[in-house]
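Below is one structure, written out as structure tokens, with a few remarks after it.
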Amino acid sequence: MATVNSVLGPLDTAELGFTLTHEHVVTASAGILQTYPELYGDFDRLTEQAAATLTEAREGGVQTIIDLTTLDLGRNIRFLADLSRRTGVNIIAATGIWRDIPRALWNRSPDEIAALFAREIERGIEGTGIKAGIIKVANDAEGVTREGELILRAAARAAKRSGVRISTHTYAPHRVGEQQVAIFEDEGFDLNRVYIGHSNDSTDLDYLHGLLRKGVWLGLDRYQSSAPVGPDWEGRAATLVALIKAGAGDRLMVSHDWSVLGVSRTSDPLASRGHNPDGWLFAKRKLFPRLRELGISQEQIDRLNIDNPRRFLGG
């Protein structure tokens, strides 16, 4: 039996069910909620909104969400556990670092940083005993910077020690996934345990197939009414269809990269629903019917969010 850490304890990967592999409940910055709570307004009201959105997702068939919100993205581990308990949605939380690498880590060694990530996987986060189930790393349009390389190497070493998987934020238009893979290869890390995220920000099939040949999994995980970079959702659907028809469907996972509460983009976090009214059900309501129209079978669709996450997380 393979298990993965969820915010409510070990979870048998056979019980993951329909899984969204790259999402966020809250996105902000480290310490913002505690220091400047007014940016959130009425937090009780926002908690109700988050719970309602998760409940809607569960009633729509979503059983598990991988929340890739790290320390620098405003991770609130107690909040995630409370929401999971309240709504019945399994939530897998992340250790690691996103793009806002804390200055305190800039001159640390990869081994020192790896020990921090490993502690959050093996012992728990912020003294709660709630353990991370995945490591998140991020490199954007600027590519892998000096500080970014420290985090990538630390992630590989912590993942080797703990046995968890690595999920990346990347900038596909600049083929940054190739840079990430090169670092993991240099660390001798098993690429079957790497998920290269935001890969559907690109329609470059040569780039995407090149990553697949390396042995990684691809996260086609930016499906919303609009996206910050790259093609619209129907263009992304066409790329997904091309990959499935080329035989890569057993290495792909679909998600949204959506957050209920995102104080970085608006003074009213609830306004996020205005530009993505389907929330965490966009794929089920819009994308999957479109895939059927384009010749993809229901069995192939089920593989994306049921079979593949279970295989990725459980081996």
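Name the residue, out of N276, N139, N107, whose mean-square fluctuation peaks in a Gaussian network model built on the chain with Cα pairs under 10 Å.
N107
Among 111-119, 36-44, 142-150, how do they line up from the highest to the lowest mean number of other beta-carbon atoms within 10 Å?
Ranked by mean Cβ neighbours within 10 Å, highest first: 111-119, 142-150, 36-44.
Would you list which lysines come within 22 Å of K160, measuring only between C-alpha atoms, while excluding same-chain residues fewer than 8 positions from it?
Candidates past the 8-residue exclusion: K131, K136, K214.
Who wins for biggest fluctuation among G235, G133, G197 in a Gaussian network model of the chain, springs between alpha carbons below 10 Å?
G235
Could you give the size of the charge dipole of the chain about its Cα centre, using +1 on the Cβ of each K and R and -1 on the Cβ of each D and E, expressed in debye and rounded to the nearest 20?
About 480 debye.
For region 65-180, build the charge dipole from Cβ charges (+1 Lys, Arg; -1 Asp, Glu) around the Cα centre, then report which of S162, N139, T70 sits farthest towards its positive end.
Comparing the listed Cα positions along the dipole, S162 ranks first.
Using Cα centres only, tell me the gap between region 1-22 and region 46-67 in whole Å.
If we compute the Cα centre of each part, the gap is 16 Å.
Suppose we look only past 33 Å in the calculated P(r) of the chain. What percent of the Cα-Cα pairs does that tail hold?
The calculated P(r) of the chain puts 17 percent of pairs beyond 33 Å.
Rounded to the nearest 0.05, what FRET efficiency is calculated for D44 and A141 with R0 set to 41 Å and r the Cβ-Cβ distance?
Efficiency, rounded to the nearest 0.05: 0.65.
Only bridges with both residues in the chain count here: give the DSSP antiparallel percent, nearest 5.
Roughly 15 percent of the beta bridges in the chain run antiparallel, per DSSP.
Kindly report, to the nearest 10 Å², the accessible surface of W98 as traced by a 1.4 Å probe over protein heavy atoms only.
50
How are the Cα pair distances of region 9-80 distributed, in percent, across 10 Å bins from 0?
17, 46, 29, 8, 0
So for region 78-148, averaging the separation of alpha carbon pairs under 8 Å that are six or more residues apart and normalising by length, what relative contact order in percent results?
Over region 78-148, the number comes to 38 percent.
Which value at 222 nm does the chain reach when only helices count, each DSSP H run of 4 or more adding -39,500 (n - 2.57), with the total divided by all residues and rounded to the nearest 500 deg cm²/dmol?
-10500 deg cm²/dmol
Take the Cβ-Cβ distance between Q298 and R103 as r, set R0 to 35 Å, and report the resulting FRET efficiency rounded to the nearest 0.05.
0.10
The values are calculated or read from the model by the stated rules, or taken from the named source; none is laboratory data. If you're wondering where the values come from, they're calculated on a predicted model, not measured in any experiment. Neighbour counts are summed over all protein chains in view; Cβ atoms, including those assigned to glycine, are modelled from backbone coordinates with ideal geometry. Side chains included, ligands, DNA and RNA excluded: accessible areas come from the protein's heavy atoms. Shrake-Rupley method; radii C 1.70, N 1.55, O 1.52, S 1.80 Å.
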